[in-house]
1. Measure up LYS85/LYS199; LYS85/LYS190; LYS13/LYS215 against 20 Å on the Cα-Cα distance and list the ones that go over.
2. As I understand it, the value is the acute angle between the Cα axis of helix 13-26 and the longest principal axis of the Cα atoms of the chain; what does it come to in degrees, rounded to 10?
3. With the crude spin-label approximation of a point 7 Å out along Cα→Cβ, what separation in nm comes out for ASN51 versus ALA310?
4. Under a 1.4 Å probe, what is the accessible area of the chain per residue, stated in Å²?
5. Suppose each label sits 7 Å from its Cα in the direction of the beta carbon; what would the ILE317-ASP232 distance come out to in nanometres?
6. Among (1) 42, 25, 20; (2) 31, 25, 22; (3) 32, 22, 19, which one is semi-axes √(5λ) of the Cα gyration tensor in Å computed from these coordinates?
7. Please tell me the relative contact order of segment 223-312 in percent, rounded to the nearest whole number, where contacts are Cα pairs under 8 Å and at least six residues apart.
8. Out of VAL243, LEU225, PHE205, whose Cα points farthest toward the positive end of the dipole of segment 166-247 (charges: +1 Lys, Arg; -1 Asp, Glu; placed on Cβ)?
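The values are calculated or read from the model by the stated rules, or taken from the named source; none is laboratory data. Bear in mind that the values here come from a model prediction, so they are computed numbers and not experimental data. Counting neighbours? That spans all protein chains shown, and the Cβs are built from the backbone with ideal geometry, glycine included. Surface accessibility is based on the protein's heavy atoms, side chains included, excluding ligands, DNA and RNA. Shrake-Rupley method; radii C 1.70, N 1.55, O 1.52, S 1.80 Å.
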Amino acid sequence: MKIAFVGKGGSGKTTLSSLFIRHLAANEAHVVAVDADINQHLGAALGLDENETAALPAMGAHLPLIKDYLRGSNPRITSAATMIKTTPPGEGSRLLRVREDNPVYDACARAVSLDDGEIRLMATGPFTESDLGVACYHSKVGAVELCLNHLVDGPDEYVVVDMTAGSDSFASGMFTRFDMTFLVAEPTRKGVSVYRQYKEYARDFGVALKVVGNKVQSEDDLDFLRAEVGDDLLVGVGHSGWVRTMEKGRPAPFELLEADNRMALQALQNAAEDSYELRDWERYTRQMVHFHLKNAESWGNEKTGADLAAQVDPSFILHEHCPEAGAAQPA
């Protein structure tokens with residue numbers, strides 16, 4: 001399952017996504033975690049120290065390798081240079097799978113040991129001095145979108161993406177790449193403002209959206225969230241002494257996380273599993289093509305000097321049981 005965590009800055013989005021990742025690992029799920037936030041704090045939230053976090057490879061720096069691997073022997077893609085962030089897979093493309101080893105993971109992922117298991121962590125990479133004034137952060141997350149377009153996953157397999165804050169996710173079609181989007185909202189007017197934006201933008205794309213109330217201190221806070229977001233409210237999460245200790249650099253074993261917060265994380269997993277039963281690979285592929293054609297016409301054709309609409313394989317539908325030939329090994 002592909003899961004996104006979104007919310008306004010300071011909502012606790014990264015903390016909750018890291019807790020969810022730990023919860024999944026404790027439940028023996030296979031997890032690929034992706035830090036796609038401009039602030040790049042997911043590694044630290046998962047227990048990495050400053051040096052380990054800084055040493056994480058940047059996906060954006062390996063974009064040529066990612067493109068060359070994913071295009072495989074697809075005859076519709078003449079070169080890696082003509083691939084853009086929305087390029088969809090087709091016959092001959094290589095696909096990514098959560099549990100496999102491949103050159104993309106070798107270059108961009110690092111194993112992180114948690115109390116109850118091990119996950120793979122990937123990161124878009126932070127802004128560099130050369131980016132300042134000449135690049136936007138969406139150029140960084142393009143590598144994530146391209147990987148999601150070529151990724152197939154099944155039960156007990158999770159790709160958890162800590163997204164950039166606010167409504168910036170809508171700068172590309174990446175918001176449609178998830179089986180479930182958890183929007184983290186504080187019980188304040190500002191806290192639910194991003195929810196209203198997200199709900200409106202996602203309305204026409206069938207995005208599965210659930211609100212996780214964070215920093216909930218009372219029943220009145222929950223009542224406020226229910227009044228503002230209605231049935232989209234999944235669960236509320238309160239103060240956590242475990243999290244406070246972890247943020248001080250003195251983490252306790254994850255099994256000591258408060259029981260009510262463990263139950264809240266289980267509610268998130270249950271919602272994710274329910275969304276898996278509703279996944280529609282045909283719609284997923286159709287939306288992928290829709291945003292690719294929009295990007296091709298808007299800027300992609302001009303940038304690459306190619307007709308990127310020709311990359312679309314009209315007979316190809318990405319799905320869980322794509323034959324292994326779709327992930328052919330390098331010649």
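1. LYS85/LYS199; LYS85/LYS190
2. In the chain, helix 13-26 runs at an angle near 90 degrees to the longest axis.
3. The two pseudo-label positions are separated by 5.2 nm.
4. 45
5. It is 2.9 nm.
6. (3)
7. Computed over segment 223-312, the figure is 18 percent.
8. PHE205
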